[in-house]
Amino acid sequence: MAFEIDHGKFLSFVAQGTNSGKTTILEGVIAELKRRGRRVCALKHGMHMHYHDPAGKDTERFASSGADRVAMFSPEGLLVYENVTPSLEYLMLAASHGVDVVLVEGYKSGPFRKIEVFNDTLYERPLCVEHPSPDYIALVCNRAIPLDIPTFLFGQIEEITTFVEESVGLGRHAASNP
């Protein structure tokens, strides 16, 4: 069975560095999207992969033995670990299957449209000002900053979520559809 990748359902939340508020904003947006009946994939970009199962447990032993892919499943869910560097196409295919929106944390250099999370107590200027690009479609910040892209304050989770829905082409809230 072949699946097509809908590139438009990906949005990346980026910041200049750690502790800017990306995870907190994403937690709020994910919870609000779920409240609205949306299917969401959260994709975390990191520089290093750490296997989650504790040392000595079965799935860690399989991975340490050289298994290319290890999957752990139960009635509650599925966890898949692959011991490969995924191509962008494979990553997008795996992340987008069966969901309405894919929210990426990080991956500033990635090909996705970006919502920057900016905290002026940590950094002087937003990335979207320092490195203007059409990839930056909005800014979430701790104080109002006049820009040519939509800006939101940290506490405006419902408004940010509506912007996310509109940006990925979703209509009215799924939970409120007749």
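Hey, among 157, 115, which residue is within 18 Å of the chain's Cα centre (by Cα), farther than 22 Å from residue 91 by Cβ and surrounded by 14 or more Cβ atoms within 10 Å (Cβ to Cβ)? If you could, list the steps in order and put the result at the bottom.
Numbers: 115 fails: farther than 22 Å from residue 91 by Cβ.
The unique qualifying residue is 157.
Do we have any residue at all in segment 127-135 that's farther than 22 Å from residue 34 by Cβ, touching a residue at least 40 places away in the same chain (Cβ under 8 Å) and surrounded by 12 or more Cβ atoms within 10 Å (Cβ to Cβ)? If you could, list the steps in order and put the result at the bottom.
Taking segment 127-135 first, the residues farther than 22 Å from residue 34 by Cβ are 127-135.
Now drop any that are not touching a residue at least 40 places away in the same chain (Cβ under 8 Å), which leaves 127.
Checking the rest, the ones that are also surrounded by 12 or more Cβ atoms within 10 Å (Cβ to Cβ) come to 127.
Yes, some residue in segment 127-135 is farther than 22 Å from residue 34 by Cβ, touching a residue at least 40 places away in the same chain (Cβ under 8 Å) and surrounded by 12 or more Cβ atoms within 10 Å (Cβ to Cβ).
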Next item on the list: Check residue 135 against each of (1) at positive phi; (2) modelled with pLDDT of 95 or more and name the one condition it does not meet.
Entry: (1)
Next item on the list: For residues that are under 17 Å from the mean Cα position of the chain (by Cα), charged (D, E, K, R) and either surrounded by 14 or more Cβ atoms within 10 Å (Cβ to Cβ) or more than 30 Å from residue 165 (Cβ to Cβ) (or both), tally how many sit in segment 60-102.
Entry: 1
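Can you find a residue that is part of a helix (DSSP H, G or I) and in contact (Cβ under 8 Å) with a residue 24 or more places away in the chain anywhere in segment 35-47?
Yes, segment 35-47 has at least one match.
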Item checked: Counted residues, segment 138-178 - those being at pLDDT below 95 and of a type in the set (Ser, Thr, Tyr) -> 1
Next item on the list: Of all residues in segment 56-110, count the ones that are touching a residue at least 40 places away in the same chain (Cβ under 8 Å) and either assigned to a helix (DSSP H, G or I) or out of contact with any strand residue (DSSP E or B) (no Cβ under 9 Å at 6 or more places or on another chain) (or both).
Entry: 6
Next item on the list: Out of 5, 25, 30, report the one residue that is in a loop (DSSP other than H, G, I, E, B), hydrophobic (A, V, I, L, M, F, W, C) and surrounded by 17 or more Cβ atoms within 10 Å (Cβ to Cβ).
Entry: 5
Note to self: Of everything in segment 116-175, what is farther than 19 Å from residue 101 by Cβ, assigned to a helix (DSSP H, G or I) and not acidic (Asp, Glu)? Give them in sequence order.
What the structure shows: 127, 128, 129
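The values are calculated or read from the model by the stated rules, or taken from the named source; none is laboratory data. Please read all numbers here as calculations on a predicted model, not as lab measurements. For neighbour counting, all protein chains shown are included, and Cβ atoms are generated from backbone atoms with ideal geometry for every residue, glycine included.
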